[in-house]
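S.K.: My questions will all concern the structure given below.
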Amino acid sequence: MKTIITLLFAITSSWSIAQKINVTIIGTAHSFNKDYQPLQSFNEAQSFIEELSPDMICIEAIPITDTASLKEIWPNTMKRADRLRDTLKNTESSHDNLPNHGNIDFWTAYSANKKIMKGAKAYASYDFWNGYYQWFQVLNDGDSLEYFSKYYRDQSKSEYGLIVFPAAQGLGIDHLYGIDYRDGEKEFLAANSKVMKKLFFSLKWKPIRVYLKTQKKYKKAEKAGKLIEFINSDEFQDAFSNLIDDLPNRLPKSEEAQFIKDYWLNRNEIMANRIIETANANGAQNILLTVGSAHVTHIKRFLEAEGHNVTTYGQILNTQNQ
């Protein structure tokens with residue numbers, strides 16, 4: 001009997017691991033020019049997410065388990081989180097040591113609000129974007145977050161506040177899953193700077209021309225209120241992915257050029273694997289991924305190579321326009 005149970009467990013475990021997932025990817029910009037924000041199709045993207053009604057939402061945030069990436073990108077934010085964690089411990093251990101917020105007792109003012117405290121605890125554990133998400137919901141309710149001003153970075157004008165947070169709130173989703181990987185990014189940025197100089201002085205202008213042309217179209221699309229549509233288009237996706245893929249061919253003797261491609265592919269492969277692992281761990285079948293638009297093509301390739309179904313927002317927009 002024990003052998004049969006063990007066999008059944010092995011079969012069901014392998015079936016679970018082999019489960020294919022459906023991933024829909026929306027490419028985003030990490031910041032939007034405030035003068036043109038009212039023109040962008042944020043409401044359409046939010047409505048699309050709500051109609052999709054995914055089992056879970058993955059975002060370009062570093063998970064708390066990836067301490068190397070956190071230390072690389074958010075060392076000062078981690079220090080603020082440590083200070084907040086100390087404050088939370090004081091409030092729980094002794095009312096005599098409670099900090100005051102004006103004439104309002106901290107514990108009285110905030111402990112009764114579950115989302116404020118849930119956000120604080122998430123932030124204190126380095127789960128920054130879930131902290132921001134909880135506080136975003138409180139701000140929408142009109143409550144004050146003044147005490148946390150030194151910890152809270154307003155995400156209302158980012159891709160999160162403009163698209164992700166309101167859509168997730170509308171769906172009743174309480175937790176967002178970070179899948180980013182950033183360990184070694186300082187070396188990546190340094191190599192990128194060297195490669196741009198090498199391209200310039202070697203008179204290999206095509207990559208530079210493509211980049212500058214794409215940036216010009218980016219700004220034009222933003223002014224026209226079509227930025228989300230442009231960064232999810234085949235034109236943008238092909239231009240960026242081709243630049244990365246072809247870079248070592250343009251500079252065959254450059255170690256930095258090969259390093260840039262290898263690092264970028266490795267980062268996106270890790271992100272794709274984290275999506276799969278997170279989906280399997282939570283029994284999710286339909287996943288929404290919001291990620292910087294430059295990542296869309298390579299993450300899509302890695303997921304499809306593992307046999308998963310991937311749809312991009314660009315494909316959806318193309319279908320709607322036909």
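The values are calculated or read from the model by the stated rules, or taken from the named source; none is laboratory data. Worth saying up front: this structure is predicted, and the values here are computed from it rather than measured. When we count neighbours, we look across all protein chains shown, and the Cβ atoms used for this are built from the backbone with ideal geometry, even at glycine. Calculation scope for accessible area: heavy atoms of the full protein, side chains included, ligands and nucleic acids excluded. Shrake-Rupley method; radii C 1.70, N 1.55, O 1.52, S 1.80 Å.
S.K.: From the set of residues in region 22-37 that are touching a Gly at 6+ places or on another chain (Cβ under 8 Å) and surrounded by fewer than 18 Cβ atoms within 10 Å (Cβ to Cβ), which is farthest from A272 (Cα to Cα)?
M.R.: Per the stated criteria, the residue is Y36.
Table: residues versus (1) under 22 Å from R182 (Cβ atoms); (2) among the small types (G, A, S); (3) open to solvent by 70 Å² or more (accessible area, probe 1.4 Å).
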| site | (1), (2), (3) |
| --- | --- |
| G225 | no, yes, no |
| I228 | no, no, no |
| I231 | yes, no, no |
| E235 | no, no, yes |
| A257 | yes, yes, no |
| D262 | yes, no, yes |
| I270 | yes, no, no |
| A279 | yes, yes, no |
| K300 | yes, no, no |
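S.K.: If A191 passes every condition in (1) open to solvent by less than 60 Å² (accessible area, probe 1.4 Å); (2) under 26 Å from H308 (Cβ atoms) but one, which one does it miss?
M.R.: (2)
S.K.: Let me ask you something else. Taking the stated definitions as given, is Q46 modelled with pLDDT of 95 or more, within 27 Å of E222 (Cβ to Cβ), under 18 Å from the mean Cα position of the chain (by Cα) and among the polar types (S, T, N, Q)?
M.R.: For Q46, the condition - modelled with pLDDT of 95 or more, within 27 Å of E222 (Cβ to Cβ), under 18 Å from the mean Cα position of the chain (by Cα) and among the polar types (S, T, N, Q) - is met.
S.K.: Just to verify a result, which residue in region 197-208, among those that are in a helix (DSSP H, G or I) and modelled with pLDDT under 80, is nearest to L251 (Cα to Cα)?
M.R.: The selected residue is L199.
S.K.: List the residue pairs whose Cβ atoms are under 6 Å apart, where the first residue sits in region 73-98 and is open to solvent by 60 Å² or more (accessible area, probe 1.4 Å), the second is assigned to a helix (DSSP H, G or I) and at pLDDT 90 or above, and the two are 6 or more positions apart or on different chains.
M.R.: Close Cβ pairs satisfying both conditions: R85/A124.
S.K.: Being within 25 Å of I299 (Cβ to Cβ) and among the polar types (S, T, N, Q) is the filter here, so list the residues in region 194-239 that pass it.
M.R.: Listed by number, the residues that qualify are T214, Q215, N232, S233, Q237.
S.K.: If you don't mind, another one. Identify, from the list A239, A221, the residue that is in a helix (DSSP H, G or I), without any contact (Cβ under 8 Å) to a residue 12 or more places away in the chain and open to solvent by less than 40 Å² (accessible area, probe 1.4 Å).
M.R.: After applying the criteria, what remains is A221.
S.K.: Hey, another quick one. Tally up the residues in region 242-255 that are part of a helix (DSSP H, G or I), open to solvent by less than 50 Å² (accessible area, probe 1.4 Å) and of a type in the set (S, T, N, Q), please.
M.R.: Number satisfying all stated conditions: 0.
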